[in-house]
Amino acid sequence: MSADLAAHLARGRRERSDEADRLLTRVFGEATGTSSPGGLALVAVGGYGRRELSPYSDLDVVLLHDAGVDEAEVARIAQEVWYPLWDRRVVLDHAVRSVDETVRTAGEDYRAAMGMLDARCVVGDAEVVASARARVLGDWRREARRRIGDVRTARNERIDRFGWLAHAAVPDLKESGGGLRDSVTLRALLATWLVDLPRDEAESLRERLLDIRDTLHEVASRRSDRLLPELVPEVAERWSLDPATLDLQVRDIGRRIAHLASVTWRRVDATVARDPHRRVGARGPVIEPVASGVGVLAGEVVVTRQADPASDPELLLRFAATAARRSLPMNAASIGRLVRQLGDWPPVWPASTRRWMVELLGAGPGLVDVWEELDIAGLIEPLLPEWRDIRLRGSSSPVHRFTIDRHSIESCVQVMRSSREVARPDLLVVAALLHDIGKGRAGDHSEVGAPMAEAIVRRWGFDAVESTTIGRLVRWHLLLPTVATRRDIEDPQTAVNVAEIVRTSSFLDLLAALTAGDALATSDQAWSRWRRGLVEGLVGKVRAVLAGAPDDDLVSAGWPSGTPLPDLSGVGPTTLVVSTENHHDGSLVLVVCGDRTGVLGDLAGAMSLAGLSIRSVRVATDGAGAATLWEVSRPDLDAQVLRERLRAVVDGSVDLARRLTFDPGDTRPRVTVLEAMEQTATLLEVRAADRRALLWVVCRAITAAGYGIRSAHTDTYGDEARDVFYVVDRSSRPLTAEAAASLRTRVTAALTGDR
């Protein structure tokens, strides 16, 4: 932005304030007969108090008096001050108060208190003004711990109404989160002495936003704080910028003010809380370990001293995913360390890095603030260079309430509502992030974005089939709403045409979930009852067309390719062989033992009892032997120690039912009997929040019903467990429809605590 224009605008604010001072001094003198009556003064508050009058700002003025001045005389003077100003069409926000009334009002209304923090004597008895301001400031500091809750509540309500300056479709320079109101609040928080912040940066950002607001007033020829699209070109022209560049610069200012506000509020909370339960060891505070190189200290997620960001860029994702999933702030020093030391990302990510990326994207609402903070720090572009093309870009559609980047993150949050309705929630949430990635480049964004998304996820370690699926989701993410609202969905050919594109029921599930998440992240209008009804009606008709067709996306429970299957010949009832190896940031545990009803559940319970979080398990049986391959969260396991723990459970020495507790949680699980073309077992799918002993509870319910588990395919995406059990009856045959329905009810009851 032009330094000369900025200087001119700042000078204009001061000159308008000085001119207002001269006017008030004149009318005050005419009303009182003197410029310095004892015990009486005209006080500028708020922006006028700071000498920051924009072209169409109100004059915020208080006629202040002490207790010794006759009230009737004060009332007379007030009339003789206000009326001449109104005759001159001065827009006035005025009040008449004694010093005691001012202090009392400030104690009841934080807005009045914040206005008085910037109080300035325009004319009259300066000592009266200094006394009132000092008393208000003293009360503000003394009562800060109690009053900041009101300030925060009002701020949250304001942002709910006006959105964020960085991401709102039509931002409000004053009221939006990250706007001028937030800047004033930062000044007030600083005055409490509870917290410090980079004042020079905060003031510089506020002045830049004031410059834009002044230009907007001049262009609109009226008081206006909303940066309306039709005004942007002329505002940009005054700054010798193209409209898109101006829009980006304004949003970036708002984003940085919002970030300063977020950090400041966190520091205020930390100061007020002062956690009495913070553990301190002989060498200082004790960090709660969470993942390799990541821990929690004093309510913040930190990078531990032993971590090496230079050789372990995945550390960033472990750090961010932990913060997002726990809704905890990221330690500022740790972010700075990652900025300085983080190594280069590999050309193709290993499986563990891909998993942590999915963990981050699937974290829910906590993702929003974490992603924003990492982006401000410059840590997003290295892992996703294409992000720069959509960062802070406004949408051409008036329906959108967010910029493209913020909309993409919000879509990730929204699609997780449907994570239990799809076979591959990891593909869904990645497609949500990337569905509009093509909007930063020329052409139809769906067509442009599809190959971009495929290339991105191949870098992230997804295989060819998975990458193609994500690319197709990006390519066709507008298919369902477009057809549903522009075609006759009662025409059978409509559903047939859509079915030819989606091909499989599982892809249809993914596309439907992406459609809903995209719309919910756009606006209420985009997912109205009418539009939702049309889309869901179309999905139902397409599903009927696809019924009975092979579903290539249905996951099987085979032994992992590339992992040798152990020789199970000679395995007897007492066999128990355990081997471990480090695998990414956890371990692979191979267990070979005798096959019997309930053995999988016993092993799962023993793993939980050993404090291991189960990420996946694969099962293979042959004759009397069974091999299970477990992926667990902890590295560096001692195979001998683990074997003894498993032995105590397998031989019945430990009663799992007495030792293990299972918390059903608040969200209801989804238990489904899957359809398959050729069944040699009944496929029971369980989708539930990943909790300790979850796998043991399900296995125990199946075994208690008198059935066996021929094999199992379990995976965890974020905090969501997706487990498929291949269940057979005592004759090793699939269950009847009635028996499968009954088992589904029993497993659901076991997971919800209903007995």
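The values are calculated or read from the model by the stated rules, or taken from the named source; none is laboratory data. This structure is a prediction, so every number in the text was calculated from the model and none was measured. Neighbour counts are summed over all protein chains in view; Cβ atoms, including those assigned to glycine, are modelled from backbone coordinates with ideal geometry. The area values use the complete protein model at the heavy-atom level, side chains included, leaving out ligands, DNA and RNA. Shrake-Rupley method; radii C 1.70, N 1.55, O 1.52, S 1.80 Å.
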**Item:** Radius 10 Å from Cβ of Ala464, net charge of other residues (Lys, Arg +1; Asp, Glu -1)
**Value:** -2
**Item:** Net charge, Cys593 excluded, C-beta distance under 15 Å - Lys, Arg +1, Asp, Glu -1
**Value:** -1
**Request:** Compute the Cα gyration tensor for region 112-246, then decide on rounded, prolate or oblate, letting a ≥ b ≥ c be the square roots of its eigenvalues: rounded whenever a/c is under 1.5, prolate when a/b is larger than b/c in the other cases, and oblate in all that remain.
**Result:** prolate
**Message:** Please compute the modelled spin-label separation between Ala739 and Thr667, points set 7 Å along Cα→Cβ, answer in nm with one decimal.
**Reply:** 3.3 nm
**Prompt:** Okay, which of region 563-598 sit inside 17 Å, backbone N to the point 7 Å along the Cα-Cβ direction of Glu644?
**Reply:** 576-580
**Item:** [x] -0.53, -0.70; [y] -0.28, -0.40; [z] -0.36, -0.50, with the label sought being that of the calculated log10 I(q)/I(0) by the Debye sum over Cα atoms at q = 0.05, 0.06 Å⁻¹
**Value:** [z]
**Item:** Paramagnetic reach from Ser569 in region 584-603 [backbone N under 18 Å; point 7 Å along Cα→Cβ]
**Value:** 593-595
**Message:** Can you give the FRET efficiency to the nearest 0.05 for Ala134 and Ser2, using r as the Cβ-Cβ distance and R₀ = 35 Å?
**Reply:** 0.30
**Request:** Just the number, please: carbon plus sulfur as a percent of the accessible area of the chain, 1.4 Å probe, no ligands or DNA/RNA counted.
**Result:** 48 percent
**Ellipticity estimate at 222 nm from DSSP helix runs (n ≥ 4, -39,500 (n - 2.57)) divided over the chain, nearest 500** = -16000 deg cm²/dmol
**Asked** How much length is gained on full extension from Arg529 to Asn497, taking 0.36 nm per residue of separation minus their Cα-Cα distance?
**Response** 9.1 nm
**Complete:** Residue by residue through region 197-205, the couplings from Karplus 6.51 cos²θ - 1.76 cosθ + 1.60 with θ = phi - 60°, in Hz, x for Gly and Pro, are 7, x, 4, 4, 5, 4, 5, 5, 5
**Fill in**
The summed charge of the Val301 Cβ neighbourhood (under 14 Å; Lys/Arg +1, Asp/Glu -1) stands at 0
**Message:** Suppose the chain between Ala126 and Val286 were pulled fully straight at 0.36 nm per residue; how much longer would it get relative to their current alpha carbon spacing?
**Reply:** 52.3 nm
**Message:** Spelling out what I want: for every residue of region 418-433, take phi, set θ = phi - 60°, compute 6.51 cos²θ - 1.76 cosθ + 1.60 (Karplus), and round to whole Hz; glycine and proline get x.
**Reply:** 9, 4, 7, 9, 10, 6, 10, x, 5, 5, 4, 6, 5, 4, 4, 4
**Item:** With Cα atoms, 0 to 90° folded angle of helix 492-502 axis to the chain main axis
**Value:** 90 degrees
**Prompt:** On a 0 to 90 degree scale, rounded to 10, what angle separates helix 71-87 from the longest Cα axis of the chain?
**Reply:** 80 degrees
**Using a Förster distance of 25 Å, the FRET efficiency for Gln79-Ala154 (Cβ separation, nearest 0.05)** = 0.15
**Asked** Counting other Cβ atoms within 10 Å of each Cβ, which trypsin sites (Lys or Arg not before Pro) in region 161-229 have at most 10 and sit in a DSSP loop?
**Response** Arg222
**Request:** Working from Cα positions, state the angle (0 to 90°, nearest 10) between the long axis of helix 529-546 and the longest principal axis of the chain.
**Result:** 20 degrees
**Fill in**
Counting only protein heavy atoms and rolling a 1.4 Å probe, one gets per residue an accessible area for the chain in Å² of 45 Å²
**Message:** If packing is taken as the average number of other Cβ atoms within 10 Å across a peptide's residues, how do 686-697, 455-466, 510-521 rank, most packed first?
**Reply:** 510-521, 686-697, 455-466
**Request:** Arrange the peptides 524-530, 644-650 so that the one whose residues have, on average, the most other Cβ atoms within 10 Å appears first.
**Result:** 644-650, 524-530
**Request:** Please give the FRET efficiency for Leu190 paired with Asp444, using the beta carbon to beta carbon distance and R0 = 35 Å, rounded to the nearest 0.05.
**Result:** 0.10
**Fill in**
Full extension between Ala624 and Ser327 adds, at 0.36 nm per residue less the Cα distance, a length in nm of 102.2 nm
